[in-house]
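*Asks:* Please read through the structure below; I'll follow up with questions.
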Amino acid sequence: MKREFNVFAACHLFGGVALAGAILLLAVPMNTRAQLGFTTLSVPGADGTYAQGIAGNDVVGYYTAGSVWQGFLYNGSSYTTLSVPGSSATFAYGISGNNIVGYYANGSGDQSFLFDGSSYTAFNVPGASYTYAFDVDGNNIVGFYSDNGSTYGNRGFLYDGSSFTTLSVPGAYYTLAYAISGNNIVGSYYDGIHDQGFLCTGSNYTTLSVPGAIDTYAYGISGNNIVGYYINTAAEAEGFLYNDSGYTTFSVPGAGWTEAYSISGNNIVGYYANGSSVQGFLATLAPEPSIMALLAIGAVTFLVNNRRRHAERA
């Protein structure tokens, strides 16, 4: 019914002669595959740049310069280094408003941090030997921690600022939570054979697996859009976007491998390998043309061809 409505709407807008052109257009399969434009992100003077999280125009991640590993915040024009005082390495992964989360090394194990724009606060799952925070949304933080009592050691967590809730895919050997948006959490788990992505909505877990992939890792979520990367049959990493339309895969042109880690609106960030260099990327989803716009194009094409035929007969 929706398709019929669009056809008759086009007829009303462009006249009866446009109807045939609109019908011909609808008879042709439409390519709904997303189009991406890529911009390289590179911290000045860094040996490698790893973009991990995005919120609006702000991107966080980490970079390496020689033997030094530091976090960064990029606001669209300049880079600011993020470094937990007294740490030997800082890794920034998630951002929401003024809050940035990640983890750092201080010589006695890895610990998570929350940076509010002016000060760093450390936090850890009680009893864990290490805690890695990966994303923040409002007051909620997700990541994973070591569970020394389990075979594979890692369990996901949700932290609301006062208490921790363990996240574990039923039957999984380990569960890693990577991103949160409202009540939805994504991450990956190991089923004993492959790594698979998951979407957790409350207490319900749904597996995310790119068709034909060896392994799938879900890292970012924004609304109905989920991004991550997968390992193909050539053992190469490629990015993916998953939504109600299914899976769309993508790679930075010329890259040996591409890993997507976060999404905010139409923007995706991650990093790619180009030879021996690792650089971050910002990918922008091109808006898909509306049905009405496509109908208009079909109608105009039909009119032009119709007039050309009449001119040739004259």
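The values are calculated or read from the model by the stated rules, or taken from the named source; none is laboratory data. Small disclaimer: the values here were computed from a predicted structure and weren't measured. Counting neighbours? That spans all protein chains shown, and the Cβs are built from the backbone with ideal geometry, glycine included.
*Asks:* Looking for something touching a Gly at 6+ places or on another chain (Cβ under 9 Å), more than 21 Å from I226 (Cα to Cα) and at pLDDT 95 or above - is there at least one such residue anywhere in the range 146-154?
*Replies:* No; the residues of the range 146-154 include none that is touching a Gly at 6+ places or on another chain (Cβ under 9 Å), more than 21 Å from I226 (Cα to Cα) and at pLDDT 95 or above.
*Asks:* For the range 226-264, give me the residue count where each residue is in a loop (DSSP other than H, G, I, E, B) and without any contact (Cβ under 8 Å) to a residue 60 or more places away in the chain.
*Replies:* The total comes to 10.
*Asks:* Suppose we filter G61, G37, G94 for residues that are outside any loop (DSSP other than H, G, I, E, B) and at pLDDT below 95; which single one remains?
*Replies:* None of the other options fit; the residue is G37.
*Asks:* Let me ask something additional. Of all residues in the range 167-188, count the ones that are among the aliphatic types (A, V, I, L, M), closer than 21 Å to E259 by Cα and surrounded by fewer than 24 Cβ atoms within 10 Å (Cβ to Cβ).
*Replies:* 0
*Asks:* Scan A92, A122, A133 and give me the residue that is of a type in the set (A, V, I, L, M), surrounded by fewer than 16 Cβ atoms within 10 Å (Cβ to Cβ) and either touching a residue at least 24 places away in the same chain (Cβ under 8 Å) or not assigned by TED's automatic domain parsing to the domain that holds Y189 (or both).
*Replies:* Exactly one residue qualifies, and that residue is A122.
*Asks:* Does T216 satisfy the criteria of being surrounded by 14 or more Cβ atoms within 10 Å (Cβ to Cβ) and either touching a residue at least 40 places away in the same chain (Cβ under 8 Å) or not basic (K, R) (or both)?
*Replies:* Here the answer is yes, as T216 does meet what is asked.
*Asks:* Turning to a different aspect of this structure: Within the range 189-207, identify whether any single residue is under 21 Å from A92 (Cβ atoms) and surrounded by 13 or more Cβ atoms within 10 Å (Cβ to Cβ), and answer yes or no.
*Replies:* no
*Asks:* Here is a further query. Output the residues belonging to the range 97-127 that are assigned to a loop (DSSP other than H, G, I, E, B) and of a type in the set (A, V, I, L, M, F, W, C).
*Replies:* Within the range 97-127, V125 is the sole residue that qualifies.
*Asks:* Same structure, new question: Pairs under 6 Å by beta carbon, first residue touching a residue at least 12 places away in the same chain (Cβ under 8 Å) in the range 99-111, partner charged (D, E, K, R), six or more apart or different chains?
*Replies:* Here the result reads N99/D116; Y103/D110, each pair linking the range 99-111 to a residue that is charged (D, E, K, R).
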